[in-house]
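*Asks:* Would you mind keeping the following structure in view while I ask a few things?
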Amino acid sequence: FKLHLEGGELAALKGARQTLLSNRPIIAATVYHNADGIWRTPLWLMETLPDYRFLFRNHGWCGTGAVVYAIPEERYAT
């Protein structure tokens, strides 16, 4: 499932909180559109989703492709 939100990622994740907790999906959220993205979105995910691993990767130049990944422990390949 993909949403193209251009800065509305945090609001969408907050609205989907119960679904995220009950279904425990792998999440890839772009976080470069605004100040909420670069720190509030990863912080909210880390505070909200128990037993997840979090990764942050910059796929573009100067942060223009920053993505935070949230992977449930039970789906994380070691």
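Bear in mind these aren't lab numbers, they're just calculated from the coordinates by the rules spelled out. Nothing here was measured: the structure is a model prediction, and the numbers come from that model. Neighbour counts run over all protein chains shown; Cβ positions are idealised from the backbone, glycine included.
*Asks:* In deg cm²/dmol, rounded to 500, what helix-only [θ] at 222 nm does the chain give when every DSSP H run of at least 4 residues adds -39500 (n - 2.57) and the total is split over its residues?
*Replies:* That calculation yields -7000 deg cm²/dmol at 222 nm.
*Asks:* ³J(HN,Hα) across region 66-74 via Karplus (A = 6.51, B = -1.76, C = 1.60, θ = phi - 60°), whole Hz, x for Gly/Pro?
*Replies:* The phi angles translate into 6, 9, 9, 10, 10, 10, x, 3, 5 Hz.
*Asks:* Along region 40-53, what does the Karplus equation 6.51 cos²θ - 1.76 cosθ + 1.60 (θ = phi - 60°) give for ³J(HN,Hα), rounded to whole Hz, x for Gly and Pro?
*Replies:* Ordered by residue, 3J(HN,Hα) equals 5, 5, x, 4, 4, 4, 5, 7, 9, 9, x, 6, 10, 10 Hz.
*Asks:* Also, quick follow-up: Where Rh denotes the Kirkwood radius from the mean inverse Cα pair distance, what is Rg over Rh for the chain?
*Replies:* Result: Rg/Rh = 0.95.
*Asks:* About the Cα centre, and with charges only on the beta carbon of Lys, Arg (+1) and Asp, Glu (-1), how big is the dipole of the chain? Nearest 20 debye, please.
*Replies:* Here the chain has a charge dipole of around 100 debye.
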